[in-house]
1. What's the ranking of 30-39, 7-16 by average number of surrounding C-beta atoms within 10 Å, highest first?
2. What shape does region 1-48 have by the C-alpha gyration tensor, where a ≥ b ≥ c are the square roots of the eigenvalues, rounded means a/c under 1.5, and otherwise prolate means a/b greater than b/c and oblate the rest?
3. Label-point separation (nm) for residue 13 and residue 63, each offset 7 Å from Cα along Cα-to-Cβ?
Amino acid sequence: MTCPRCSAEMDERTLGEATVHQCPEGHGVFLSRADLGVLIEAETDWHRNAGQHTAPMPRITADMTAPPSTGKVSRAWVETLFG
């Protein structure tokens, strides 16, 4: 696999059961959707066993959409009264 930006041959690394391709010039990391799923599952398993202070990553599915924009976030309750 070659980098789409600089055409350099990408370095291939195995992370657990996933294969990741990385540009040696630092232009990015590329992986298949299936490998992304493997890494997310590994992250979720780690959080499941790490204790209550961590939260698992959300499961990525094909039907997901971006969350709605929340607009301006108030710094305090009083600010919501005058916003």
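FYI, it's all coordinate maths here, none of it is from the lab. Here the structure is a predicted model, which means the values were calculated and not measured. As a convention, Cβ positions derive from the backbone with ideal geometry for all residues, glycine included, and neighbour counts pool all protein chains shown.
1. So the order, starting with the most tightly packed, is 30-39, 7-16.
2. Values: a/c = 2.88, a/b = 2.75, b/c = 1.05.
Prolate is the answer for region 1-48, as a/c is 1.5 or above and a/b outweighs b/c.
3. Simple spin-label model gives 3.5 nm for this pair.
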